[in-house]
1. Considering (1) farther than 20 Å from A:Arg116 by Cβ; (2) within 8 Å of chain A (Cβ to nearest Cβ), say which one B:Ser50 fails and leave the rest.
2. Out of (1) buried (at least 23 other Cβ atoms within 10 Å of the Cβ); (2) without any contact (Cβ under 8 Å) to a residue 40 or more places away in the chain, the odd one out for B:Arg267 is which?
3. Residue under question is A:Leu94, and the condition is that it be in a strand (DSSP E or B), at pLDDT 85 or above and within 10 Å of chain B (Cβ to nearest Cβ); does it hold?
4. Assuming A:Lys58 fulfils every condition listed in (1) in contact (Cβ under 8 Å) with a residue 40 or more places away in the chain; (2) within 7 Å of another protein chain (Cβ to nearest Cβ); (3) of a type in the set (D, E, K, R) apart from one, which condition is it?
5. I'm told A:Ala241 meets every condition in (1) more than 26 Å from A:Arg178 (Cβ to Cβ); (2) away from chain B (no Cβ under 11 Å); (3) modelled with pLDDT under 95 except one. Can you identify the failing condition by its number?
6. Residues being crowded, with 20+ Cβ neighbours inside 10 Å and among the hydrophobic types (A, V, I, L, M, F, W, C): count how many of those fall in the range B:198-208.
7. For A:Ile246, only one of the following conditions fails: (1) open to solvent by less than 40 Å² (accessible area, probe 1.4 Å); (2) within 11 Å of chain B (Cβ to nearest Cβ). What is its number?
8. Quick one: is A:Ala112 within 11 Å of chain B (Cβ to nearest Cβ) and surrounded by fewer than 24 Cβ atoms within 10 Å (Cβ to Cβ)?
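The values are calculated or read from the model by the stated rules, or taken from the named source; none is laboratory data. Just so you know, these numbers come straight off a predicted model, no measurement behind them. Here Cβ is always computed from backbone atoms with ideal geometry, including for glycine, and neighbour counts include all displayed protein chains. Accessible surface is based on the protein model in full, side chains and every heavy atom, while ligands, DNA and RNA are left aside. Shrake-Rupley method; radii C 1.70, N 1.55, O 1.52, S 1.80 Å.
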Number of protein chains: 2
Amino acid sequence: MPRIDDVARLAGVSTATVSRALRGLPTVSEATRSRVLEAAAQLGYIASPSASRLAGGKTRSVAVVVPRITRWFFATVVEAAEDAFHQAGYDLLLYNLGGSEHERQRLLHTSALYKRVDAVMLVATPLLADDFASVTGLKLPGVTVSSGTRVPGWPSIRIDDVAAARTATEHLIGLGHRRIAHISGDPSDELAFTTHIDRRQGWCQALLAAGIEPDAQLDVEAEFTVAGGGRAVAELLRRGAPPTAIFAACDEIAMGAMAALRQAGLRVPADVSVIGIDDHDLAGVVGLTTVAQPAAEQGRLAAATLLRPLTQDHGPVDDTVILPTRLTVRESTAPPRAH
Amino acid sequence: MPRIDDVARLAGVSTATVSRALRGLPTVSEATRSRVLEAAAQLGYIASPSASRLAGGKTRSVAVVVPRITRWFFATVVEAAEDAFHQAGYDLLLYNLGGSEHERQRLLHTSALYKRVDAVMLVATPLLADDFASVTGLKLPGVTVSSGTRVPGWPSIRIDDVAAARTATEHLIGLGHRRIAHISGDPSDELAFTTHIDRRQGWCQALLAAGIEPDAQLDVEAEFTVAGGGRAVAELLRRGAPPTAIFAACDEIAMGAMAALRQAGLRVPADVSVIGIDDHDLAGVVGLTTVAQPAAEQGRLAAATLLRPLTQDHGPVDDTVILPTRLTVRESTAPPRAH
DNA sequence: CTGAAAGCGCTTACAG
DNA sequence: CTGAAAGCGCTTACAG
């Protein structure tokens, strides 16, 4: 493989000039630049990334950290971000925590990211108190997506989870429901992962505003997955009389809940209404009413936010963006049956 | 940040010895090694990846190329592969082609991967004739997942698509269906992407074996997505009398088809049976009968296959593995109604 | 088992 | 606008 001095020799210039010409720096005459470009093309020259990185101190890479790439929201965010990063010429290093606390620690505390990337995008990554120091200690631009995480000084792209949950619950209340269950994450979670806390809060707020006391019997924990939704419904039914409606903190839970309800002989929405948050690709297929959030948009925006300090040399940005959600009514919600 | 000579000084050895000790090379005495480890720990030393890569000629990174990370199969493969690569200390560069021919070209033809990774994993990446030269020209170990791609000399991890399609079609035939539609990719596709070709072939084989002539009117093209399945059903219905059963080449198509059928006033399976291939996370939720394929297993195996030549110095491996599939019957298939 | 020295292939002040 | 030289921070023969 040709190296930079091969190109320099062929073009009759120094390696410094080759480097400058190829990177499009302005301090190269047009004549020289075209001679260099031609020589490089002729030789099929590609600069060695490792050498450029070592000499230049920039990796042109970003780390994207997600809990589970197999979940709709994260895959959608990553897809949009990937596009933006590659268009800008950045490599994307994917880190899938997979729910492993060990992985989280390894990534955040062993300086695994040190000199490996120029920026970090944390998607719904739970952070403990001392994680913040590690992450900030990287001295890199960062962005968080989804309110699950918030790093002081980093911009955050997300929706208003409390409001989204309120919207969902109000939709059920508006249909006439009073016994409205809530399925979401573990409230006692020590990790500073606030998504499910916020969504539970929205549920409470909406109920209280309607004069309904939130019932602990109707508040169930679950993993944010289809299987989690199924298990939560089983638990709900075990506890006694089923609710007339369920607000699930995400569509995957909601879809798992719908399936479990049907399996238990309950009809959706005739016996139990179900609403989620997301607008998952398959929400339409199962007729799930949901509060839609713009996942791809969040990925795109987060990438753009991260690229700004990298590609220009403006100071650090701190523009937190809260994107709108939208109630999307389908067939899984209806008024409760008259007794 | 401390550099290798800081560690060397503190441990009272040369940088060469630090390098050897930290990488666990056997030619270091235990006493020296522990002194070095201690010094490194004390300083919080982390080797600069760029410098190691430049000096050592290895990047400890792999490229994973997928068509769309938002599709179930690809996300699942990537999740499993990511785990294996990170456990082995390799970085994962994600490339999501997003259906863009331009992206494919850029990745494969501009030596974008040159000196950037030590190995390449192509998941269902369509390849044209001259792509093979580019890919092989990288002189890197590679592996392909899913029969959509096959690179001479590279191991391939996949299922038998023809057989899986035959199994699906035979299930429908066994229930008594004769008018069995097929929904899959574009058969005239110039790209050497054989998945949908193989699955169509399985459909034909099963029909012919049962003495049924494949009907071109019942053979519809579609993107491998929910929306694609919906559009395909619309097309099918436009063509005339609906089939009594549909074999969809993947679960996402199948689920889109189910939704579109219901929307058109047809019941599944009473009026039309539907079967897919995959066993998508949500197949159970919608009661979809399918031919299950082990996606995570394919990702795991592909990663392990790729890591073998990287971590040991055996020669290139060429062990193609064909994993088994399994018919999983749920509620979307039933005998046709008697006329 | 260990070290001195060269080298990996670029980029970046510095000087002109 | 261009070049000579130093330097980025490691690893790898080579020698002992």
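1. (1)
2. (1) is the only condition that B:Arg267 fails.
3. On the way: in a strand (DSSP E or B): yes; at pLDDT 85 or above: yes; within 10 Å of chain B (Cβ to nearest Cβ): yes.
When the stated conditions are applied, A:Leu94 passes them.
4. (2)
5. Exception for A:Ala241: condition (1).
6. Kept after step one, since they are crowded, with 20+ Cβ neighbours inside 10 Å, are these residues of the range B:198-208: B:198-200, B:202-203, B:206-207.
Within this subset, residues satisfying the condition of being among the hydrophobic types (A, V, I, L, M, F, W, C) are B:203, B:206-207.
Looking only at that region, the number is 3.
7. Unmet for A:Ile246, out of (1) open to solvent by less than 40 Å² (accessible area, probe 1.4 Å); (2) within 11 Å of chain B (Cβ to nearest Cβ): (2).
8. Numbers: within 11 Å of chain B (Cβ to nearest Cβ): yes; surrounded by fewer than 24 Cβ atoms within 10 Å (Cβ to Cβ): yes.
So A:Ala112 fits the description; yes.
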